[in-house]
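A short worksheet on the structure shown next.
The values are calculated or read from the model by the stated rules, or taken from the named source; none is laboratory data. Since the structure is predicted, the reported quantities are computational estimates derived from the model, not experimental observations. Don't worry about glycine lacking a Cβ; one is built from the backbone with ideal geometry, like all the others, and counts go over all protein chains shown. Protein only, heavy atoms only, side chains kept; ligands, DNA and RNA dropped before computing areas. Shrake-Rupley method; radii C 1.70, N 1.55, O 1.52, S 1.80 Å.
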Amino acid sequence: LPESLPGAKFVIVLAIFTPLLYVDFHWKGKKSAVMLPPQYYLPGYAEADRQALIFADILPAPGYKIERATALPLKALAVHSGLGSYGRNNICYVGDMGTCITLVAYFTDYEFPEDHWGEMKMLDRCEKCRLCMEQCPTQAIREDDFVIDVARCITLYNEIEGNFPDWIEPGAHNALAGCMRCQLKCPANRAALQRVGRLAEITEAETAQILSCHPEQSVREAVCAKLRQFGPARSQEGMPLFVRNLSALLER
């Protein structure tokens, strides 16, 4: 429990719709549409807005406190709470928002009259569906074990620096970070993926500076703003990861 709220009684979990975004990078006279999945950019919903929503629509009376919970396993928490369900790909789905979500949680000293805690559950439609397994380019989703083989998951490797393993085929890369292969054709994502967004284009000059790994600060800040504060674009330290992932996509 947070020191500022030692009397916390419950945890409130929120799912914020965070659409899949596309951004066009101009490079060598061509324009390449690159995916920026949810969870890798700021959703545009400020902390103050989230707290105002909780006080207005969730807590029944004034006088109670909330504190952001930053060290909880949000995906498992959302499923245990009944807010979401696991897909066969181990990703949390929430209603028509599917996997296009940002999860946040708050401790509160309000004691709700009902506790929604329950067992882990998988989406009913996943029982007979194997689309995500078929779409995974590295066979990370397994039939004999519900937990994915994380050592085979592309997301693991494009979130850390270093060279990609040789066994990851060049055509397997599909997003600026993370991987969308198991989600793009998922029936449970059909509604959410009809609401994709498109960001401002990255010019050829901006792309060239990013690929140099040493962009001018003004260029880095401009690209970061266009990419909704995409993590690796925020600092010079994140440039090697950004450059490696972008290069893999442009080379396709």
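If you plug each phi of segment 89-106 into the Karplus form 6.51 cos²θ - 1.76 cosθ + 1.60 with θ = phi - 60°, what whole-Hz ³J(HN,Hα) values come out, in order, with x for Gly and Pro?
7, 6, 9, 7, 10, 10, x, 6, 6, x, 8, 8, 9, 10, 9, 9, 9, 9
Counting alpha carbon pairs within less than 8 Å and at least 6 residues apart, what relative contact order, in whole percent, applies to segment 30-131?
In percent, rounded to a whole number, it is 30.
Just how large is the dipole of segment 65-169 about the Cα centre, in debye to the nearest 20, putting +1 at every Lys and Arg Cβ and -1 at every Asp and Glu Cβ? It would help to have the intermediate numbers written out before the result.
Numbers: 10 positive and 18 negative charges, 34 e Å.
I would put it at about 160 debye.
What distance in nm lies between label points placed 7 Å from Cα along the C-beta direction at Gln139 and Ala225?
4.8 nm
At a probe radius of 1.4 Å, what is the per-residue accessible area of Phe10, in Å² to the nearest 10?
40 Å²
Where in the chain are the DSSP H helices whose C-alpha atoms run 15 Å or more along the long axis and whose mean Kyte hydropathy is at least 0.0?
Within the chain the helices that satisfy the rule are 239-250.
Return the carbon/sulfur percentage of the accessible area of the chain, one whole number, probe 1.4 Å, all protein chains in place.
52 percent
How would you order 30-36, 59-65 from highest to lowest mean count of nearby Cβ atoms within 10 Å?
Taking the mean over residues of other Cβ atoms within 10 Å, the ranking is 30-36, 59-65.
When the chain is fully extended, how far beyond the present Cα-Cα distance does Leu211 get from Ala52, taking 0.36 nm per residue of separation?
Extending this stretch completely gives an extra 53.1 nm.
Could you pull out the pairs from Lys30/Lys75; Lys65/Lys121; Lys28/Lys226; Lys31/Lys185 whose alpha carbons sit more than 27 Å apart here?
From the list (Lys30/Lys75; Lys65/Lys121; Lys28/Lys226; Lys31/Lys185), the Cα-Cα distance tops 27 Å for Lys30/Lys75; Lys65/Lys121.
Given springs between every Cα pair under 10 Å in a Gaussian network model of the chain, which of Trp117, Trp27, Trp167 has the largest fluctuation?
Among Trp117, Trp27, Trp167, the largest mean-square fluctuation in the Gaussian network model of the chain belongs to Trp167.
Please list 3J(HN,Hα) in residue order for segment 2-7, calculated via the Karplus relation 6.51 cos²θ - 1.76 cosθ + 1.60 where θ = phi - 60°; whole Hz, with x for glycine and proline.
Result, rounded to whole Hz: x, 4, 6, 9, x, x.
Per-residue HN-Hα couplings for segment 41-54, Karplus 6.51 cos²θ - 1.76 cosθ + 1.60 at θ = phi - 60°, whole Hz, x for Gly and Pro?
For segment 41-54, the Karplus-derived couplings read 9, 6, x, x, 10, 5, 4, 4, 5, 5, 5, 4, 4, 4 Hz, x marking Gly and Pro.
Just the accessible area per residue of segment 188-252, please: how many Å² with a 1.4 Å probe?
Value for segment 188-252: 51 Å² per residue.
Going by accessible area, probe 1.4 Å, with all protein chains left in place, what is the ranking of Met122, Met239, largest first?
Numbers: Met122 45, Met239 0 Å².
Largest accessible area first, the residues go Met122, Met239.
Multiply the residue separation of Leu1 and Ile160 by 0.36 nm, subtract the distance between their alpha-carbon atoms, and state the gained length in nm to one decimal. Walk me through the numbers before you get to the answer.
Details: separation 159, 0.36 × 159 = 57.24 nm, distance 3.03 nm.
Once the chain is fully extended between Leu1 and Ile160, it gains 54.2 nm.
Top to bottom by accessible area (1.4 Å), largest first, where do His26, His214, His116, His173 land?
So, going from the largest accessible area down, we get His214, His116, His26, His173.
From the helices alone, meaning DSSP H stretches of at least four residues, give me the mean residue ellipticity at 222 nm for the chain, per-run term -39500 (n - 2.57), in deg cm²/dmol to the nearest 500.
On the way: 8 runs with 59 residues, N = 252.
Result for the chain: -6000 deg cm²/dmol, rounded to the nearest 500.
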